[in-house]
Structures are given as C-alpha cells and as structure tokens.
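Read through the structure below, which is laid out as structure tokens, and then see the notes.
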Amino acid sequence: MSQLIIGNALPNIPWEERPGDVDKVVWRSKMNPVIRRNPIPCAGRIFNSCVLPYNGEYIGVFRADYHTVRPQLHFGRSKDGYNFQIEHEKIVWQNEAGQIVENGYAYDPRFVKIEDTYYVNWCDDFPGPSIGMGRTNDFKTWIKMENVTMPFNRNGVMFPRKINGMYAMLSRPSDSGHTPFGDIVLSYSPDLTFWGKHRLVMRRGGHGWWQDTKIGAGPVPIETTEGWLLFYHGVTTTCNGFVYSMGAALLDLDEPNKVIYRGLHYLLTPEEDYETNGFVPNVAFPCAAMYDAPTGRIAIYYGGADSYTCLAFCQVDEVMDYLKNNSEV
Ligand code: BMA
C-alpha cells in the first residue's frame, strides 16, 4: 500500500493493535482512561486535551478543571504518550509587550506546530467564549496573540500549514451557553491577526442523527494524498441532554471548505464507563491526533465524560476506505 499521510514518521507513536473481538474502524486503548480524576493538586479533571510529538517524547496542553469548576490550560510532558507530568501551575500568558494577560477561563485547547512555532487555540473568555490564540517556542514563555474571533465561537482548529499562502482555521460560531446549534466554518489569515474569507464547510445534520444538533472540528486535520482528514465531534440531543460522538470527513487539499467525503456513522460514541459516566455523561470529545506517516497509524486523544483523557487508535487506510464506502456527500 502506498503511503497516504503526508508527514513525518513517529515510530514510537502510542499504539495498540486492534483487539481480536473489535471490528470497528476506531478502537480504544486498554489503558483508558490515560488521565484519571484528580491528576494534579488544583484540578479534579483533565480532559479535552492535546498531545504533540517533541524530540522523541511528547508535550501537551491540557484542559484542567479546577475545584472551582473553572478551567485553565496547563502544559505537560510525557515520555510515552500515556503517562503525563502536568505542570501544577497554569500557563501564564503575556502579551507581545511582555505584560501578563489574565483570563477568566480557558478550555478545549488545540495545539499545532506550524513551521518552527507551537500555537495554541482555545475557547477564551473575551468575555464570552471566543477563539483565543497564543504561541510559544520554548514552553516557558507563552505569548497571547490577538483573539481570532469575536464572541461567540468555539472549537478553533488550525491547519498545520499554510494553504495557498494563507493560514487557515476551522471554527464553530456559537452562543454564550451550551449552544444548541453549530456548523463548521473555515477562515483564512495572511498574518494570524486578521481573519476573513469565511466559508461554510459542513452543516449539522446530514442523514445521521448522531450529528443533528451541532458539529465541531476536533484534532488538527491530517494531510493525506487524498485530502485533509478531519475527525470531528457530532452532537445529538436526547431527552436527557447532549451526546457527543466522533466522526470523520475528508476535505479538499486546496479548498478545505469543499467536503469530499463525510462519514455517515459515528466512529466512536460513548459506550465505556469513562465516557458514559462522569461530570458530563455521554461525551467523547476528540482534540488531538498524532500519526506515524509510513505505517498510517493514528492515535487520537479524546475527552471522556468531561472527566478523563482517553486514547483511541485507527489506521488511515481503513478510515479512508470507510469514508469512500459510507459517505453522505
Ligand atoms: C461543550 C464544551 C466541551 C464539553 C462539552 C460537553 O460545550 O464545553 O468542553 O466537553 O460541551 O460538556
């Protein structure tokens, strides 16, 4: 099979073979949840968090919900992608002039390396949820940049390289609360400050009820020879509240607002206790995906029940076959 993922090798990617009794495209780690409750003194729960490879090891930006139930972002490291040393103090942002920037809350980070810089996007308190953006080169100095969007918006996810000379970001315009709607849009920027040329990518709905309430981008899209592979969350509303599942789509490489395939079914839905029981039951919320390009192995980090950090695995060729044969586009 020829290589589908355009990117680097990661021979020590966290990886477990698909268990013999599982016939699904995406399977869970036997080590789940990889981050359990009360992982650091100030936080009861760490979830919806991001991990990236770094010099043969791993680094991450983590959503830590404090005992006030307000979230902040923390930096952490790992040798193997399973066991994390998360800093006990939150990331302190400073502006371009070096002054500390206080924030009321910060949650659902995405973490991406573009050229030589590491960028974080998160749901920022503008006040009111908007897309925050910051950068670091040394994981000690964290520069808060201009907010990408006005309130209200969540799930800002950058592409890992410029597209036609422009930075590109997916986001989901929303309201100030537990938004009962949401579609994925694309915006471009020449400089990471001014964003525009907004395009609709995908609307909630489709044939599957699992994504009928709202959808939002998950991990940073993975570049493949056939398009950008996007894992995203889809939400349905039941008589007892929202249920968050994960699905996949393939976006055009040059114009990612064009959807090539959109999977009809969820690929991961709350089934295990750490997904169905917790602070918010029935949430599987993907935020990061690492890959080993030559083997096509993908490791996905997702939040379980707003309480745990979990890992799942898939093979890019199988996801692609699934999408080709089960697309609603
Ligand atoms: C969303 C966000 C996510 C969370 C989800 C389920 O609105 O707050 O962080 O996982 O709700 O509670």
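The values are calculated or read from the model by the stated rules, or taken from the named source; none is laboratory data. Predicted model only: the values in this text are computed from it and were never measured. With ideal geometry, Cβ positions are generated from the backbone for all residues, glycine too; neighbour counts draw on all protein chains shown.
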Query raised in the report: Among the residues of the range 134-191, which ones are away from the ligand (no atom under 14 Å from the Cβ), part of a strand (DSSP E or B) and closer than 19 Å to Gly227 by Cα?
Result: Met158, Ile163, Met166, Tyr167, Ala168, Met169, Leu170, Ile184, Val185, Leu186, Ser187, Tyr188
Report task. State yes or no: is Tyr119 out of contact with any Ser or Thr (no Cβ under 6 Å at 6 or more places or on another chain), within 17 Å of Arg70 (Cβ to Cβ) and in contact (Cβ under 8 Å) with a residue 12 or more places away in the chain? Result -> no
Query raised in the report: So, of the residues in the range 40-57 that are over 20 Å from Pro221 (Cβ atoms) and under 16 Å from the mean Cα position of the chain (by Cα), which turns out to be nearest to the ligand (Cβ to nearest atom)?
Result: Phe47
Report task. From the list Ile59, Ile131, pick out the single residue that is in contact (Cβ under 8 Å) with a residue 24 or more places away in the chain, part of a strand (DSSP E or B), among the aliphatic types (A, V, I, L, M) and crowded, with 24+ Cβ neighbours inside 10 Å. Result -> Ile131
Query raised in the report: Looking at (1) more than 19 Å from the chain's Cα centre (by Cα); (2) over 30 Å from Gly165 (Cα atoms), which is the one condition that is false for Glu275?
Result: (1)
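I'd like to verify a number: residues in the range 109-124 that are surrounded by 19 or more Cβ atoms within 10 Å (Cβ to Cβ) and either of a type outside the set (S, T, N, Q) or touching a helix residue (DSSP H, G or I) at 6+ places or on another chain (Cβ under 7 Å) (or both), how many?
Initially, the range 109-124 is screened for residues surrounded by 19 or more Cβ atoms within 10 Å (Cβ to Cβ), giving 109-112, 118-124.
Next cut, either of a type outside the set (S, T, N, Q) or touching a helix residue (DSSP H, G or I) at 6+ places or on another chain (Cβ under 7 Å) (or both) only: 109-112, 118-120, 122-124.
Counting residues in the range 109-124 that are surrounded by 19 or more Cβ atoms within 10 Å (Cβ to Cβ) and either of a type outside the set (S, T, N, Q) or touching a helix residue (DSSP H, G or I) at 6+ places or on another chain (Cβ under 7 Å) (or both) gives 10.
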Report task. List the strands (runs of 3 or more DSSP E) that sit entirely inside the range 229-320 and contain at least 3 residues that are away from the ligand (no atom under 16 Å from the Cβ) and either modelled with pLDDT under 95 or not small (Gly, Ala, Ser) (or both). Result -> 259-262, 284-292, 308-315
Query - Cβ-Cβ under 7 Å pairs, at least 6 apart or on other chains, the range 97-108 side assigned to a strand (DSSP E or B), far side within 11 Å of the ligand (Cβ to nearest atom) and of a type in the set (A, V, I, L, M) - result: none
